[in-house]
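Here, each number is a calculation from the coordinates, and none is a lab measurement. Please read these numbers as outputs of a predicted model, since none were measured by experiment. Neighbour counts are summed over all protein chains in view; Cβ atoms, including those assigned to glycine, are modelled from backbone coordinates with ideal geometry.
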Amino acid sequence: MTHYFITGASAGIGAALAKKLNKDKHHVSAVARRADRLAALQKATDYFCGYQADVRDASAMAAAVDASFKTNGPIDVAILNAGIYVPQDGCQISPSIYAEHMDVNYMGVVNGLASIVPQMLAARGGHIVIISSVAGWRGLPKAAAYGPTKAALISLAESLYFDLTPKNIKIQIMCPGFVDTEATAVNDFDMPDLLSAETAADHIIAGMQRDVFSHAFPKSFTRKLKFLKYLPDRLYFALVSKQTGAGS
Ligand SMILES: NC(=O)c1ccc[n+]([C@@H]2O[C@H](COP(=O)([O-])OP(=O)(O)OC[C@H]3O[C@@H](n4cnc5c(N)ncnc54)[C@H](OP(=O)(O)O)[C@@H]3O)[C@@H](O)[C@H]2O)c1
């Protein structure tokens, strides 16, 4: 039985991951703010332990990690998934929205790592999975507050790779395309190759079993974005504007 620690497990991709891993009889320690959602998931399975915490609160995260250790032993796999997304019009910059994205999406991961890494070092091994996004690859329309947090996570994971890999801690970054969740329900545009949260969870679980640092999915969408990623700026802006209607 593996002990998984998942942040943002009350909804969307995190909840789908928790349900699938529980079904395979793995222990899941889950963090989110909505206690009622966690309680409902806990009721539905024997292997789920919910911890109400805000990932922005470093001491609350430390307490959740500590409590999960006491209940289920050392964390084998941490999936740092909690995140928010609010589409932004770049003509109206609201610093508080940008700061909130950084606090939840980036510092929320750092707060988790601060307690999880020492535990994995003491256990002489572990596995950390950080959920980024293809929106971290290059700037996309409406993603001015969100995209930079996902780019920061990719850079963070790359830096940590050098320190953690020699300590037998596997670190991976996952870059999903569009997934149908509460987060993307606010989008007023067509989302190509949209996946269900359950299918996204399957991709993440498959990616975790692979010997790769980064895993992007679905390939039908991410191959196109990878191509765009390496284009010269002028071509990139022209093609993305044409595809999305941005700037018209
Ligand atoms: N959906 C997509 O298309 C997509 C694409 C690429 C990447 N991603 C990434 O995948 C991850 C999950 O996204 P999702 O689409 O599943 O979103 P979601 O359905 O909105 O779920 C977000 C989860 O994060 C939790 N959360 C948010 N703020 C939190 C906080 N301050 N403290 C603790 N938990 C918090 C929420 O729980 P509470 O509200 O109960 O706290 C919820 O469980 C995010 O990192 C997102 O950026 C999503």
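Against the main long axis of the alpha-carbon atoms of the chain, helix 35-44 sits at an angle near 60°. Shown in residue order for the stretch 146-153 are the 3J(HN,Hα) couplings computed by the Karplus curve 6.51 cos²θ - 1.76 cosθ + 1.60 at θ = phi - 60°: 7, x, x, 5, 7, 5, 4, 5 Hz (x for Gly and Pro).
Where in the stretch 113-217 are there GluC sites (Glu not before Pro) that are in a DSSP coil and have at most 16 other Cβ atoms within 10 angstrom of their Cβ?
Of the GluC sites (Glu not before Pro), the ones in loops of the stretch 113-217 whose Cβ has at most 16 other Cβ atoms within 10 Å are GLU182.
If you find the alpha carbon centre of the stretch 171-248 and of the stretch 14-28, how far apart are they in angstrom? Each part's Cα centre sits 24 Å from the other's.
Coupling constants for the stretch 114-130 follow from the phi torsions by the Karplus curve (6.51 cos²θ - 1.76 cosθ + 1.60, θ = phi - 60°), and in residue order they are 4, 9, 7, 4, x, 5, 6, 5, 5, 7, 6, x, x, 8, 10, 10, 10 Hz; glycine and proline get x. On C-alpha positions alone, give me the angle between the axis of helix 219-229 and the longest principal axis of the chain, in degrees, nearest 10. Orientation of helix 219-229: about 60 degrees from the principal axis. When you filter the trypsin sites (Lys or Arg not before Pro) in the stretch 1-110 for DSSP loop state and at most 12 other Cβ atoms inside 10 Å of their Cβ, you are left with LYS25, ARG34.
Taking only Cα atoms, what is the 0 to 90° angle, nearest 10, from helix 233-244's long axis to the longest principal axis of the chain? Here the helix axis deviates by roughly 80 degrees. Remark on LYS170: its backbone amide H falls under 5 Å from those of GLY126, HIS127, ILE128, a criterion applied only to residues 5 or more positions apart or on other chains, H modelled at 1.01 Å from N.
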